[in-house]
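**Student:** Here it is: the structure, laid out below.
The values are calculated or read from the model by the stated rules, or taken from the named source; none is laboratory data. Remember, it's a predicted structure, so these values are computed and weren't measured experimentally. Here the Cβ positions follow ideal geometry from the backbone for every residue, glycine too, while neighbour counts run over all protein chains shown. With ligands, DNA and RNA removed, areas are computed over all heavy atoms of the protein, side chains included. Shrake-Rupley method; radii C 1.70, N 1.55, O 1.52, S 1.80 Å.
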Amino acid sequence: MSFPIRPFHRPRPRDVLHCDGAPLPKLAKRWGTPLYVYSADAIVERFGLFDNALAGLPHLVCYAVKANSSLAILKLLSRCGAGFDIVSGGELERVLAADKRAAGRVVFSGVGKTAPEIDLALRAGIRVFNVESEGELELLSERAGKRGVVAPFALRVNPDVFADTHPYISTGLREHKFGIAIEGAPALYRRARQGRRAAKRLRAVGVSVHIGSQIRDPAPFGAAATRVAALVRALRADGEPTLRSIDLGGGLGIEYEGAPWDPQERVAAYAAAVRAGLGGLDGVELLLEPGRFLVAEAGALLTEVLYTKQNGTKRFVITDAGMNDLIRPALYSAHHGIEPVAPGRKQKETVDVVGTVCESGDFFARDRQLPRVEPGDLLAILDAGAYGASLSSTYNTRPRVAEVLVEGAKARLVRRRDRVRDLLAPERV
Ligand code: LLP
């Protein structure tokens, strides 16, 4: 199979925009807009890049479910042999609904795991709990004791590594709420090993770390790997017998704007930094938790232009999608490429592309040069496969949009559009 570098493309310059072999207007006609469209090949290709770059190093790529938790995508990745990084009981149920045999490939992250979530994960038999506080370790020990099982855990340490990204998605500094300070980790491992009850209920199987998201420079990942490898060496010297995994979290970034770039090169640089950081540490399996890198560019949000209008000096393009469908521009001032689906009209104009929600923050682009568009035209908001649908809401009582997975030239609905009655169903008057 030859893989697409960019799933959203025009087979010939005067063609409409396609997702792999599927013309977008056909999908819009069949399932309406707004519509999330994903390329299965692009996701499989990305997963393969990690697997290739890590060849020779025992590893498991655990897809971060939060990036896009569509059951169809989870199933697709599970078939490739992926593991899964979850942060809630709900995400665990999703993974099991997609593949009931995947539990052994699940790592459970998150600062606020509840007792019922821990119970669910113990019952399912997940691979490892990434524990983020002393209190959580105590709760895990207690719940494991109740079930009469031994809970496999890794401490998520905070390596105090700076990563240059948006402040809302940087996580590896001491001042962040995540993980436990790396200096405090050995004492906690010791307590788990030597505590009278804890020793019977907990098994330390690794160390984990996650320094943030949308990090494009490989260096901070290398620095985190160095610190974690040093910790593992120290823990082994301290008599920690069962440590066998290092989880380096997710976070590898993509290019939302600018010149074309090579994802294969980026993964290779990332893998090289990580290998160097580990410095030949043996007897460990590497776990990674990429989310965005696997799915962002595989997805677009397809939307129809409802109106165009001029307010003072500004020209607005009003689409049928809104910030509830894709919140990244509003929340992080994130840039998303926008392309008219029809081949471009020659005339360009500078516009704000906005949604229908009653907030001025509801925009997809500001002062963006686009070919002139008219009501009824379709736009593709690109790189929306990660943190798009999964971060969507029903604000303004707007039904969540439908999602379509393209496999080659075939497209199938993998989530139907909400009906308003789905939204009202849980409520009582
Ligand atoms: N592992 C852990 C423990 C995480 O917290 C995250 C993301 C990941 C893995 C996956 O990171 P990725 O490979 O996708 O960068 N909503 C934001 C991103 C939030 C990321 C939160 N944690 C956005 O739209 O940019």
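**Student:** Using the beta-carbon distance between His176 and Ala234 and R0 = 25 Å, what value does 1/(1 + (r/R0)^6) give for FRET efficiency, to the nearest 0.05?
**Tutor:** Given R0 = 25 Å and the Cβ-Cβ separation, E is 0.65.
**Student:** Work out from phi, with θ = phi - 60° and the Karplus expression 6.51 cos²θ - 1.76 cosθ + 1.60, the ³J(HN,Hα) of each residue of the stretch 291-301, listed in order in whole Hz, and give x for Gly and Pro.
**Tutor:** Along the stretch 291-301, the couplings run x, 3, 4, 7, 10, 4, 6, 6, x, 9, 9 Hz.
**Student:** Next up: Test of understanding: express the Cα radius of gyration of the stretch 220-261 as a ratio to 2.2 N^0.38 Å, with N the residue count. Write down the numbers at each step before the final one.
**Tutor:** Working: Rg = 15.9 Å, N = 42, 2.2 N^0.38 = 9.1 Å.
Normalised by 2.2 N^0.38 Å, the Cα Rg of the stretch 220-261 equals 1.74.
**Student:** In Å, the Kirkwood hydrodynamic radius of the stretch 138-202 over pairs of distinct alpha carbons? List each step's numbers first, then the result.
**Tutor:** Details: mean 1/r = 0.0748 Å⁻¹.
Computed over the stretch 138-202, the radius equals 13.4 Å.
**Student:** Given contacts defined as C-alpha pairs under 8 Å and at least six residues apart, what's the relative contact order of the stretch 109-290, whole-number percent?
**Tutor:** Values: 321 pairs, mean separation 36.9, N = 182.
Dividing the mean separation by the residue count of the stretch 109-290 yields 20 percent.
**Student:** What is the angle, in °, between the Cα long axis of helix 263-278 and the longest principal axis of the Cα atoms in the chain? Nearest 10 is fine, range 0 to 90.
**Tutor:** 20 degrees
**Student:** Skip the ligands, DNA and RNA, and give the accessible area per residue of the stretch 109-290 with a 1.4 Å probe, whole Å². Before the final figure, lay out the partial values.
**Tutor:** Numbers: 7790 Å² over 182 residues.
Per-residue accessible area for the stretch 109-290 comes out at 43 Å².
**Student:** What ranking do 353-363, 194-204, 30-40, 325-335 get when scored by the average of other Cβ atoms within 10 Å per residue, highest first?
**Tutor:** 30-40, 325-335, 353-363, 194-204
**Student:** Here is a follow-up. Calculate the all-directions average of the projected area of the stretch 106-168's alpha-carbon convex hull, and give it in nm². Please report the intermediate quantities before stating the final value.
**Tutor:** Numbers: hull surface 20.0 nm².
Directional mean of the projected Cα hull area for the stretch 106-168 stands at 5.0 nm².
**Student:** Follow-up. What percent does the relative contact order of the chain come to when contacts are Cα pairs within less than 8 Å and at least six residues apart?
**Tutor:** Details: 942 pairs, mean separation 83.3, N = 429.
With pairs under 8 Å counted, the relative contact order is 19 percent.
**Student:** Based on the Kirkwood radius over alpha-carbon pairs, what value in µm²/s does the Stokes-Einstein equation return for the translational diffusion coefficient of the stretch 1-91 at 37 °C and 0.692 mPa s?
**Tutor:** Working: Rh = 15.1 Å.
After rounding, the answer is 217 µm²/s.
**Student:** Using only Cα atoms, find the angle between the long axis of helix 185-194 and the longest principal axis of the chain, and express it within 0 to 90 degrees, rounded to the nearest 10.
**Tutor:** So the helix axis and the longest Cα principal axis differ by about 50 degrees.
**Student:** While we're on this one: Label Ala187 and Arg366 with points 7 Å out from Cα along Cα→Cβ: what is the distance between them in nm?
**Tutor:** Output for this residue pair reads 4.6 nm.
**Student:** Of the beta bridges DSSP finds with both residues in the chain, what % are antiparallel, to the nearest 5? Write down the numbers at each step before the final one.
**Tutor:** Details: 33 of 70 bridges.
If we restrict to bridges inside the chain, about 45 percent are antiparallel.
**Student:** While we're on this one: Find out how many positive minus negative residues lie around Ala229, taking Lys and Arg as positive, Asp and Glu as negative, among other residues whose Cβ is under 12 Å from that of Ala229.
**Tutor:** On the way: positive: Arg227, Arg233, Arg236, Arg275; negative: Asp282.
With Lys, Arg at +1 and Asp, Glu at -1, the neighbours total +3.
**Student:** Sorted by packing (mean other beta-carbon atoms within 10 Å per residue), highest first, where do 294-301, 241-248 land?
**Tutor:** Working: 294-301: 28.9, 241-248: 19.4.
My ranking of the peptides, most packed first, is 294-301, 241-248.
**Student:** Now a separate question. So for the stretch 109-290, considering every pair of alpha-carbon atoms, how many percent are separated by more than 22 Å? Don't skip to the answer; put the middle values down first.
**Tutor:** Details: 7466 of 16471 pairs.
Percentage above 22 Å: 45.
**Student:** Which residues' amide hydrogens lie under 5 Å from the amide hydrogen of Val404, considering only partners 5 or more residues apart or on another chain, with H built in the peptide plane?
**Tutor:** Tyr36, Val37, Tyr38, Val414
**Student:** Using the alpha-carbon atoms, what tilt in degrees (0 to 90, nearest 10) does helix 115-124 show relative to the longest principal axis of the chain?
**Tutor:** Value to nearest ten degrees: 80.
**Student:** Taking the dipole about the Cα centre of the chain, with the C-beta of Lys and Arg at +1 and of Asp and Glu at -1, give me whichever of Leu331, Gly355, Val106 is farthest to the positive side.
**Tutor:** The one lying farthest along the dipole's positive direction is Val106.
**Student:** Grab the DSSP H runs of the chain that are 4 residues or longer, score each as -39,500 (n - 2.57), total them, divide by all residues and round the 222 nm result to the nearest 500 deg cm²/dmol. Walk me through the intermediate numbers first.
**Tutor:** Working: 13 runs with 128 residues, N = 429.
Roughly -8500 deg cm²/dmol at 222 nm, from the helical runs in the chain.
**Student:** Same structure again: If you put +1 on each Lys and Arg Cβ and -1 on each Asp and Glu Cβ, how big is the dipole of the chain around its Cα centre, in Debye rounded to 20? It would help to have the intermediate numbers written out before the result.
**Tutor:** Values: 60 positive and 49 negative charges, 228 e Å.
Taking the Cα centre of the chain as origin, the dipole is about 1100 debye.
**Student:** Two-decimal Rg/Rh of the chain from alpha-carbon positions, Kirkwood Rh?
**Tutor:** Working: Rg = 22.8 Å, Rh = 22.8 Å.
Expressed as Rg/Rh, it is 1.00.
**Student:** I want to verify the translational diffusion coefficient of the stretch 294-394 in µm²/s; compute it with Stokes-Einstein, Rh as the Kirkwood radius over Cα pairs, at 4 °C and 1.567 mPa s. Don't jump to the answer; show the numbers that get you there.
**Tutor:** Details: Rh = 13.5 Å.
It diffuses with D of about 96 µm²/s by this estimate.
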